[in-house]
Amino acid sequence: MKISKIHTKKYSVAVLLLSVIFLCGCSTRKNTPINRGYHNMTSRFNVNFNGKEALKNGEEEHAKLCHDNFITTLPIYVYPPKEELSTIYPSMDRVIEKGSKCIYKHSMFFKGKEYVKNIDDAYLMMGKAYFYKQDYQQAQRIFNYIITTHKDGNCVEEAMVWNARTALRMGYYGQAEDIINEAKYYVQPKKSKKLNLQYAAAAAEYHLTAPDGDRQTAINYIDDVLKNRPSKLFKTRMYFILGQLYELEEQPSQAHDYFMWVSKHSPDYDLEFNARMHLATNYDGSPAKRAQIIKEMNKMLAEEKNKDYYDQIYYALSEIDRIDEDTTAQMDKLAKSVAAYSNNDFQRTHSSLRLAELYFEQEKYPQAKAYYDTATVSMPKTYPNYAEIKRKSQVLTELVDNLQVVVVQDSLQRIAKMPEKERDRWVKSKINEYKQEKARKEKEERDKELALQSALGYANYNQNTNAGSSGKWYFYNSTLMSAGKTEFLRKWGSRKLEDNWRISNKQQLSFEDMANLNNPKAEQDTTEYDEFGNPILKRETDPEKERFYTQDLPLTEGAMDTSNMMIAEALYQAAVIYLDLLNDQPRGCEMLEKYYQRFPDRDLSPAVLYLLYLNYSQMKNGKADQPKEIILTKYADTDYARLIREPDYYKKVAAAQKQMENMYETVYQDFMNKQWAKVIQSSELAITSCTDRLLRSKFAYLRAVSVGQVQGKDQYRNALQGVVTEYGDLPVAELARLLLETLEPEVKPVVQTEASAGAESQELSGDGPFIFNAEEWHYVALIVNVHKIKVMDLKVQISDFNKQFYALQNLSLNSFYINQDEQLVTISRFRNADAAMDYYNGFIRSNLFKDDVLAKNITPYVMGAANYSIYYKQRESRPLYEAFFQKNYLKP
């Protein structure tokens, strides 16, 4: 017994020692059979296994993020927007971690050959993880490494297929095609159904994606996919895509067969439903076929399981009306499609865009704008031509806003011009219409309430009679559930299941607003002001009051002038949008013609005529002579007349400008060489002939400094003061002011009354008519050079900037021309100067605007409400505002 125990102990110790020796000897630096066996086994059943499980989980999460757009041909694979991929990151990061660990601990790479076959798998699953994360550069780097370094490995063929898909996603179509052509000679000899399926799918994806892809070749590759035993879901997807492709190839019988197969065999109801839609909407325009399709569509509408697909069904019905050229019915179905939205952002976007375009064609601009807005809000980033459609929607929204101004102001003017008695009758008729509609709605509500009360009474009766006979839990008792639902509807109405469902109006409140709710005395001034800083009479909101209909009517001469100004600016802006952004010359010229017919003597009239002349010349329609003659006779002294008489006028101006710039370089070199007299002489000559005010200011500054070097202090002071006076809004003025501050103050004899001294003091201060009041409402005003910046694009950028950084301030954005070269863009309103300056500082530091501010393409100011009105109305005082702004807002 003792001997047996002793032997057992010795055996255990020996086994332990051998195990330690074995484990210690399994180094990746020694290429021995024992080492290779150990690392092959450990990498396979430990690290790689866990990595592949994580990849499987990540692929399942990725599949949940994939949503199809059935409006277009389905892609072979779906790629969700990158910003939605956060849910797969934990799994994919674990894959990368396990793959890296496997390679670090178990790789045995000697003389260009890997002896641990699972290392190839580790690299491949890391590449796939990066691909799913849409980090395509890292994925491509790994796939290329496998292909070039592990040529004899077990994953090179699959790596080539994934590398082709990666190049395709990066937009390297030529590279993707080369990889696919090369991979063919590696994959096909393997006779592996998995590899051949992946290869055929990647090749089909190329021909459906690349600009030079061929549809028939894609069909052939999809047929190859089907020969290699794909999963049932992928097989169904391929059949659906084949149906779509054969529709595009105008082979309806083949398309019908594939859609029929999908409708009968699909494990996914989205595919089944859309296959049925394709089968049902194969419309040839005949009455019999129309009746058959409508019957099928109505049947689908009646099926409860199709509730989430009503938007697609209504859209399909609208297409039948489009083919029949019944625009009214088509628009009705499209509106129902948008209203039936459940979760298909692609369909809502598509239906909204189509309906917006129809309303736009009918010149119903408010409705068009509403549906453009809906389309823009709901559009997924994976929607085809997303960026272009987004840009077009923004352009069209801007256009619709301007056209709507014309429609509204024309209507208001028409009513304002009615005889007073006729206008009173019109107002009373509108009030009667409102009261009748209000009564109708109240009756509807009463009828609904009675129906609910009746249903509630019946439900309560059943509840009382059945309560004693049922011991079920509440949610298992259908009678109690019905009664509860009825009671909920009676009390709350129909409410969407969401946070704060009890609150019907979820308007966002700021902390300041919430504080004011609890402390009414602390609430600040809520008086509304117009864009010129004038208090606005509180608007009438009751449609049963006469003033509700008359408060916007331009009944005075001043109000009529303002209305005409709004129409003129809107017509001009609409013309510019048509011509520059939509390339629609006929409609752009139509807007310009309307402008000149109505406002022949406004500041922009010469520009309008010149635009008509240019566009009619390009269109070669024989209409260019009329605006040309008006310019040459009525506006003979303008640049537009010179451009017509001398087409090379601007080239000559540019040549003269270049000559003057060269002259400035010479004068500046003389200045640096301290040739003061020569600088003064050359600068005085340049100032008299230079037409560029900015360049002229630089000559004046060099002259002033040179005067200080060779003439007396008084002449020096006068020269610097002249620079400040003449060029107060330009950069050299600030330099001149700094030099003036270094001089001793000039002593003048006092020979004036106290009153005149006060007046002169205000005049010399440079403030002009502007008065600083830090506590009034403020605006941030941008003077924009329209030749350097597209104002519409700038407004889009500002709007995005406001949403990102100032979302709670509810800022508004307006713009209008203040002369032919500049627009005033206004961001409003801010409670005081400090709030406006906070925005100003954020604006000028933003990377979006910083360069244009430095280049003086945008000149930003902060203005109080009163000063804003003065700046707009008193054109001659505008140059003074720069100094006023520097003094009162940018002071240290």
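Just so you know, all these numbers are worked out from the coordinates, no wet-lab data involved. Every value quoted in this text rests on a predicted model; they were computed, and no experiment measured them. Glycine also receives a Cβ, built like all others from the backbone with ideal geometry; neighbour counts cover every protein chain displayed.
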Between Asp268 and Glu444, Cβ-based FRET efficiency (R0 41 Å, step 0.05) works out to 0.50
Karplus ³J(HN,Hα) for the stretch 85-99 (6.51 cos²θ - 1.76 cosθ + 1.60, θ = phi - 60°; Hz, whole; x = Gly/Pro) runs 8, 4, 5, 8, 4, x, 5, 5, 5, 5, 4, 5, 4, 5, x
Nearest-0.05 FRET efficiency for Lys390 and Gln175 at R0 = 25 Å, using Cβ-Cβ distance, is 0.30
Expressed in Å to one decimal, the Kirkwood Rh of the stretch 599-639 from all distinct alpha-carbon pairs is 10.3
Which residues qualify? For Glu822, with a placed amide H closer than 5 Å and at least 5 residues away or on another chain, they are Val786
Per its Cα gyration tensor (rounded if a/c is under 1.5, else prolate when a/b beats b/c, else oblate), the stretch 622-700 is best filed as prolate
Kirkwood radius from Cα pairs of the stretch 166-286 plugged into Stokes-Einstein at 4 °C, 1.567 mPa s, gives D in µm²/s equal to 84
Taking a crude spin-label model, label points 7 Å out from Cα along the C-beta direction, the Ala774 to Glu250 distance in nm is 7.5
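Using the per-residue mean of other Cβ atoms lying within 10 Å as a proxy for protection, in what order, highest first, do the peptides 289-296, 829-836 fall? Let's see the in-between values first.
Numbers: 289-296: 14.5, 829-836: 18.5.
Sorting 289-296, 829-836 by mean packing, highest first, produces 829-836, 289-296.
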The extension gain from Arg587 to Asp332, computed as 0.36 nm times the residue separation minus the Cα-Cα distance, is 89.1 nm
Diffing the stretch 634-650: the Karplus 3J(HN,Hα) column from phi (6.51, -1.76, 1.60, θ = phi - 60°), in whole Hz with x for Gly and Pro, holds 7, 10, 5, 9, 8, 4, 5, 5, 4, 5, 6, 5, 10, x, 8, 4, 5
Over 26 Å (Cα to Cα) among Lys333/Lys390; Lys305/Lys438; Lys594/Lys856; Lys305/Lys392 -> Lys305/Lys438; Lys594/Lys856; Lys305/Lys392
On the formula 1/(1 + (r/R0)^6), with r taken between the Cβ atoms of Ile844 and Asp800 and R0 of 22 Å, the FRET efficiency rounded to 0.05 is 0.85
So, with points 7 Å from each Cα along the Cβ direction, the Asp424-Ile323 label distance in nm works out to 5.9
Charge tally for neighbours of Asp637 with beta carbon under 14 Å away, counting Lys, Arg as +1 and Asp, Glu as -1, is +1
For the stretch 576-719, the Cα convex hull volume per residue in Å³ comes to 152
Descending packing, highest mean Cβ count within 10 Å first, for 335-345, 660-670 is 335-345, 660-670
